[in-house]
Amino acid sequence: PDETVTSSFASFIHAVRPEHLSKTVRHRSKRMILDSIGVGLVGSTTPVFDIALRYCRDLYSPVAVSSVYGKPGVKLSPTLAAFTNGVATHSMDFDDTWHPATHPSGAVLPALLAASQMLPPGTKPNGMDFLLAFNVGLEVQGRLMHFSTEAHNIPKRFHPPSVVGTMGSAAATAKLLSLSAAQCTHALGIAASLAGAPMANAATQAKPLHIGNATRLGFEAALLAARGMEANPLILDEIPGCSGFSVFYSVYQPKPLSAPSDGHEFLLEKQDIAFKRFPAHLGMHWVVDAALSVRNLFINYAGSFSPSLIRTIVLKIPVSKYINRPFPSSEHQARHSFQFNACAALLDGEVGLGSFAESSIHRQELRELLDKVVVEHPEDNVANFDKMYGEVALLLHSGDVLTGKCDTFYGHWRKPLSKESLLKKFRSNASHVLPEEKVETIIAMVDNLENLSDSSQL
């Protein structure tokens, strides 16, 4: 056929123009860019980032043109810079989350930052080109996830950004490099052969590699396509007996992507993004807000938070094996533990960067609270970021019961962070590695991205 699902995606990538981005899409995506940079900067202070950086510096002889988060003067080859910065972005699980579930910015932004520095003087993309490419990467990820109802729920088999993120990075890079429609087709096909990571590596130091590999391998797919490599031109189509992208989903129903001139509405126009207030798996934000709510009730009841008055802590959460961790023993396990985050919020009245330090994880008083936790899985609490809730009930020795519940946490796409809250998060994250004037420069640059003449300045 002349028009296939795959060719429609390629045509869209090739044909979309800056003027197709609405004011809402530009505003929301700039918030994502700012937040992702801040998360990457603070992520550059983590041990897993240091491992990735040493790996790249020791094993490769880089064409040193692309910058690394938080390391002034350090340059790597473009694809390795994309990899390292992708690892930084997800090193604390602090990056944005969408629905269906994935981390869209971290899989795309590092590739575009690296590619902008790679291009020779006189061919640098401007800020609007950069913003458009970023949104192409988001759109491709979102459309692919909507091809399967399986993608709507918290994942069980593979980590979504390792799959759709790789495709998004390829699409975004292809757009930034102005590849032809045929080359965009091949970039998507090549990227599909480089995608995938199992959920078993969640809550380990390997999980940030999923984002690093997604942004790097999608970037490499676009570079290979630009140099003439070809792949299956029907990679996104459903071909009976021969799986393409459908290999990742048991139910797969692809639809063509409409041309921008046909009134295409970006998914980001329809649904905002979730920004995390603290560095942990998104599901933790429901139980933390529920725990903080019941903690306030407890203080009003008893005058102060006194764990000795608590007999049992009941968590009502959805079924999701990899984030149901009764006694986490490492920072990455703690970031993926309903029990730990609920108890940390109860004990401290907050969850933040310091909550996941070794000294915090292994506190005796925290362990004593964890011993009191009982988990329940109500049938109406589904493992879906758009439908789930968190509930924390304190059963007291007196026989009284105090309950806190959260249906929508602050930062969810239904309850977006305010501009002030987003800027506060960015300044807090970025200030770990940059002086105040640099932090404010980035804020101003992203806010005025449409008018930036050279996006490599970012």
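Please indicate, with yes or no, whether at least one residue in region 167-174 is modelled with pLDDT of 95 or more, closer than 19 Å to PRO198 by Cβ and part of a loop (DSSP other than H, G, I, E, B).
Within region 167-174 (the criterion being modelled with pLDDT of 95 or more, closer than 19 Å to PRO198 by Cβ and part of a loop (DSSP other than H, G, I, E, B)), the answer is no, since none of the residues qualifies.
Taking only pairs six or more apart or across chains, which ones have beta-carbon atoms under 7 Å, a first residue in region 420-431 that is over 12 Å from ASP95 (Cα atoms), and a second residue that is open to solvent by less than 70 Å² (accessible area, probe 1.4 Å) and assigned to a loop (DSSP other than H, G, I, E, B)?
These pairs meet every condition: LEU422/PHE275.
I'd like to know if region 40-49 contains one or more residues that are open to solvent by 30 Å² or more (accessible area, probe 1.4 Å) and farther than 19 Å from SER455 by Cβ.
yes
Go through region 335-362 and count every residue that is outside any helix (DSSP H, G or I), over 24 Å from the mean Cα position of the chain (by Cα) and under 17 Å from ARG295 (Cβ atoms). Walk me through it before giving the result.
Taking region 335-362 and keeping what is outside any helix (DSSP H, G or I), we get 335-337, 349-352, 357, 362.
In the following step, the residues that additionally are over 24 Å from the mean Cα position of the chain (by Cα) were identified as 349, 362.
Next cut, under 17 Å from ARG295 (Cβ atoms) only: 349.
Qualifying residue count, region 335-362: 1.
Out of all the residues in region 81-93, is one or more surrounded by fewer than 24 Cβ atoms within 10 Å (Cβ to Cβ) and acidic (Asp, Glu)?
Of the residues in region 81-93, the ones surrounded by fewer than 24 Cβ atoms within 10 Å (Cβ to Cβ) are none.
No, region 81-93 contains no residue that is surrounded by fewer than 24 Cβ atoms within 10 Å (Cβ to Cβ) and acidic (Asp, Glu).
With the condition kept exactly as written, say whether any residue in region 268-276 is assigned by the TED database to the domain that holds VAL164 and on the phi > 0 side of the Ramachandran plot.
For region 268-276, residues assigned by the TED database to the domain that holds VAL164 and on the phi > 0 side of the Ramachandran plot: absent.
How many of the residues in region 299-319 are over 11 Å from LEU402 (Cα atoms), open to solvent by less than 10 Å² (accessible area, probe 1.4 Å) and either of a type in the set (Gly, Ala, Ser) or not in a loop (DSSP other than H, G, I, E, B) (or both)?
Residues flagged as over 11 Å from LEU402 (Cα atoms), open to solvent by less than 10 Å² (accessible area, probe 1.4 Å) and either of a type in the set (Gly, Ala, Ser) or not in a loop (DSSP other than H, G, I, E, B) (or both) within region 299-319 amount to 1.
Checking PRO260 against (1) touching a strand residue (DSSP E or B) at 6+ places or on another chain (Cβ under 6 Å); (2) open to solvent by less than 20 Å² (accessible area, probe 1.4 Å); (3) farther than 28 Å from MET92 by Cα: exactly one of these is not met. Which one?
Of everything listed in (1) touching a strand residue (DSSP E or B) at 6+ places or on another chain (Cβ under 6 Å); (2) open to solvent by less than 20 Å² (accessible area, probe 1.4 Å); (3) farther than 28 Å from MET92 by Cα, PRO260 misses just condition (1).
Name the pairs whose Cβ atoms lie under 6 Å apart, with the first residue in region 316-330 and closer than 10 Å to ILE154 by Cα, the second open to solvent by 60 Å² or more (accessible area, probe 1.4 Å), and 6 or more positions between them or separate chains?
These pairs meet every condition: VAL319/HIS377.
Take region 328-354 and flag every residue that is closer than 23 Å to PRO208 by Cβ and hydrophobic (A, V, I, L, M, F, W, C). Quick ask: steps written out before the conclusion?
Start the filter on region 328-354 by keeping residues that are closer than 23 Å to PRO208 by Cβ, which leaves 328-341, 344, 351-354.
Once the filter is applied, which keeps residues that are closer than 23 Å to PRO208 by Cβ and hydrophobic (A, V, I, L, M, F, W, C), region 328-354 yields ALA334, PHE338, PHE340, ALA344, VAL351, LEU353.
Can you name every residue in region 262-280 that is part of a loop (DSSP other than H, G, I, E, B) and closer than 13 Å to PRO100 by Cα?
Of region 262-280, the ones part of a loop (DSSP other than H, G, I, E, B) are 263-266, 271-273, 275-280.
Of everything in region 262-280, those that are part of a loop (DSSP other than H, G, I, E, B) and closer than 13 Å to PRO100 by Cα turn out to be GLN271, ASP272, ILE273.
Report yes if some residue within region 234-243 is among the polar types (S, T, N, Q) and not in a loop (DSSP other than H, G, I, E, B); otherwise report no. Before you say what the answer is, go through the steps one by one.
Step one: of region 234-243, the residues among the polar types (S, T, N, Q) are 243.
Those still in the list that are not in a loop (DSSP other than H, G, I, E, B) too: none.
No; the residues of region 234-243 include none that is among the polar types (S, T, N, Q) and not in a loop (DSSP other than H, G, I, E, B).
Please identify the pairs in which a residue from region 12-23 that is under 10 Å from ALA133 (Cα atoms) has its Cβ atom under 6 Å from the Cβ atom of a residue that is modelled with pLDDT of 95 or more and open to solvent by less than 40 Å² (accessible area, probe 1.4 Å), counting only partners at least 6 apart or on another chain.
Pairs that qualify, where the first residue is under 10 Å from ALA133 (Cα atoms) and the partner is modelled with pLDDT of 95 or more and open to solvent by less than 40 Å² (accessible area, probe 1.4 Å), are ILE13/VAL136; ILE13/ALA171; ILE13/ALA174; ILE13/LYS175; ILE13/CYS184; PRO18/MET128; PRO18/LEU132.
The values are calculated or read from the model by the stated rules, or taken from the named source; none is laboratory data. Predicted model only: the values in this text are computed from it and were never measured. Positions of Cβ are backbone-derived with ideal geometry, glycine not excepted, and every protein chain shown enters the neighbour counts. Note: accessible area is taken over every heavy atom of the protein model, side chains too, but ligands, DNA and RNA are not part of it. Shrake-Rupley method; radii C 1.70, N 1.55, O 1.52, S 1.80 Å.
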